[in-house]
Amino acid sequence: MVHAADLIRKAVMRLAWHSGFASRSRARLGGLGSIIMLHRVRPDCTSPLGVNRSLSISPAFLDTILVSLKSEDTELVSMDEAVARIASGSKGERRFAAVTLDDGYSDNLHHAYPVFQKHRAPFTVYATPGLIEGAAVLWWEVLELLVAKASFIKAPNGQEWRCATMFQKRATFHALMRYFTETLTELQQMPVLREMCDAQNMICGVAADRDVMNWKELRQIATDPLCTIGAHSVHHYNLKRLTPEMVSFEMRQSADMLEEKLGKRPQHFAYPYGSVRAAGDREASLAAQEGFVSAVTTRHGTIQAEHRAHMHILPRISINGRFQKLVYAKTMMSGATTPIANAGRRIIQA
């Protein structure tokens with residue numbers, strides 16, 4: 001599924017790279033380095049309707065990125081080391097890249113981990129205990145499977161969608177995404193999704209190879225010194241839609257559960273969804289109060305020395321299935337696209 005906006009972004013990035021603008025911008029806009037954001041890493045990057053394909057990159061592309069970073073003398077570091085460098089604000093060291101993966105998908109262990117081992121590259125997995133224990137599900141994946149199966153869907157509030165053709169299915173999926181994220185509260189999403197799945201005689205879940213790591217698998221990957229486990233809330237709620245007390249609970253309880261199961265309390269946090277609509281000043285303040293030394297968003301940007309004053313609202317560079325070419329990754333990490341994506345701003349704050 002191709003979006004016009006993506007075609008424009010790709011054209012701009014190709015122009016920035018091939019004109020030399022990206023390489024010239026690196027000294028001024030590349031800053032200290034980048035925090036890279038991944039989700040899924042698996043050989044098959046397809047999805048039933050193509051709508052969640054952007055969450056996946058292939059192991060081969062991950063390998064290509066790491067080879068490229070090492071060849072240009074970028075140092076691959078852990079989030080602990082990234083935080084230390086941001087805190088010092090020093091540009092005297094080599095530019096760094098810290099690789100992070102959100103949600104804790106099982107393919108992180110089976111397909112991404114061998115690539116990290118090959119390159120001895122540190123990485124951070126932001127895990128969501130509620131997804132591991134079944135208190136939450138990968139509802140965006142379930143929703144796609146639901147629409148792919150159904151020809152007609154009716155929500156509990158009476159809204160109806162026809163989804164017989166592929167065009168209708170994709171339109172229905174995006175309409176349901178808006179319904180789930182704008183109409184329903186965070187606490188309503190799971191009961192409504194289960195009711196809709198029941199109406200289609202469908203299990204409210206995904207296949208094991210598309211799910212998150214279980215506790216045994218998470219412990220396995222966490223034993224490697226290359227791996228850092230961070231927290232990603234308990235239920236993967238949009239924290240900005242919760243009360244302050246609920247936000248603090250989601251942060252603290254996720255850290256408590258990870259500490260209990262893995263024997264080490266996470267020091268780093270990733271906001272679910274992570275956009276300006278999901279994390280701001282309040283969430284950054286609460287993350288600091290809960291003892292996290294850093295918190296990352298999904299906002300686009302490289303890491304600047306000035307971010308030492310904004311350690312709980314750090315931007316990342318999203319490497320995803322829509323931009324699975326090295327020219328796009330290198331252009332984004334050069335910093336050339338940061339002002340373009342952020343209304344001319346080089347520093348992303350809360």
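The values are calculated or read from the model by the stated rules, or taken from the named source; none is laboratory data. None of these values were measured; they are calculated from a predicted model. All Cβ positions, glycine included, derive from the backbone under ideal geometry; neighbour counts span all protein chains shown. These area figures cover heavy atoms from the full protein model, side chains too; ligands, DNA and RNA do not enter into them. Shrake-Rupley method; radii C 1.70, N 1.55, O 1.52, S 1.80 Å.
A few remarks follow.
- Where Arg210 falls short, out of the listed (1) open to solvent by 70 Å² or more (accessible area, probe 1.4 Å); (2) charged (D, E, K, R); (3) under 18 Å from Ala112 (Cβ atoms): (1)
- Residues (more than 21 Å from Glu72 (Cβ to Cβ), in a loop (DSSP other than H, G, I, E, B), hydrophobic (A, V, I, L, M, F, W, C) and out of contact with any Lys or Arg (no Cβ under 8 Å at 6 or more places or on another chain)) located in region 314-350: Ala343, Ile347, Ala350
- Scanning region 198-207 for residues that are assigned to a loop (DSSP other than H, G, I, E, B) and either open to solvent by less than 80 Å² (accessible area, probe 1.4 Å) or closer than 26 Å to Asn108 by Cβ (or both) yields Gln200, Met202, Ile203, Cys204, Gly205, Val206, Ala207.
- Residue within region 256-266 that is at pLDDT 95 or above, in contact with a Gly (Cβ under 9 Å, 6 or more places away or on another chain), under 19 Å from Leu109 (Cβ atoms) and outside any helix (DSSP H, G or I) present: yes
- Residues of region 134-183 satisfying the condition of being free of Cβ contacts under 8 Å to residues at least 12 places away in the same chain and in a helix (DSSP H, G or I): Phe167, Gln168, Ala171, Arg178, Glu182
- Per the conditions (1) modelled with pLDDT under 95; (2) open to solvent by less than 10 Å² (accessible area, probe 1.4 Å); (3) among the basic types (Lys, Arg), the sole criterion not satisfied by Arg40 is (1).
- Filtered by the rule that a residue be over 27 Å from Val99 (Cα atoms) and among the aromatic types (Phe, Trp, Tyr), region 116-153 gives a lone residue, Phe152.
- Hits in region 277-313 - residues which are within 15 Å of Arg252 (Cα to Cα) and either in a strand (DSSP E or B) or touching an Asp or Glu at 6+ places or on another chain (Cβ under 7 Å) (or both): Ser294, Ala295
- Checking each residue in region 202-249 for being basic (Lys, Arg) and farther than 16 Å from Ala127 by Cβ picks out Arg210, Lys240, Arg241.
- Checked against (1) acidic (Asp, Glu); (2) open to solvent by 30 Å² or more (accessible area, probe 1.4 Å); (3) closer than 19 Å to Lys216 by Cβ, Asp103 passes all but condition (2).
- Qualifying residue in region 122-131 (condition: modelled with pLDDT under 95 and under 17 Å from Arg210 (Cβ atoms)): no
- Residue tally, condition in contact with a Cys (Cβ under 7 Å, 6 or more places away or on another chain) and either part of a loop (DSSP other than H, G, I, E, B) or free of Cβ contacts under 8 Å to residues at least 40 places away in the same chain (or both), over region 184-197: 1
- Matching entry among Ala82, Ala98, Ala60, Ala112 (being touching a strand residue (DSSP E or B) at 6+ places or on another chain (Cβ under 6 Å), over 24 Å from Ile132 (Cα atoms) and in a helix (DSSP H, G or I)): Ala82
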